[in-house]
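This report refers to the structure that appears directly beneath it.
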Amino acid sequence: MKVTVEDSCIACGACESICDAVFSIDDKAVVNEAAIADNEDAVKEAADSCPVSAIIVE
């Protein structure tokens, strides 16, 4: 699974509140790639919850 955050991210923190093992907020959401494999369901939930659809899961 590949996870990217587009520049449209507004750093609202929704993804971090759902899956703080993978997402943290700086100027925009930052992805901890090492934690993705153990948290795939939460990553998908975070992407679905993003208000600006900035999280791309492939």
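Candidates in the stretch 44-58 are the residues that are small (Gly, Ala, Ser) and surrounded by 14 or more Cβ atoms within 10 Å (Cβ to Cβ); of these, the one that is farthest from Ala21 (Cα to Cα) is Ala54. Does Ser8 qualify as being loosely packed, with under 12 Cβ neighbours inside 10 Å and of a type outside the set (Lys, Arg)? Answer is yes for this residue.
We did not get these values from a lab; they are worked out from the coordinates using the rules stated. All figures in this text were calculated on a predicted structure; none of them were measured in a lab. Cβ coordinates were reconstructed from backbone atoms using ideal geometry, including for glycine residues, and neighbour counts include every protein chain displayed.
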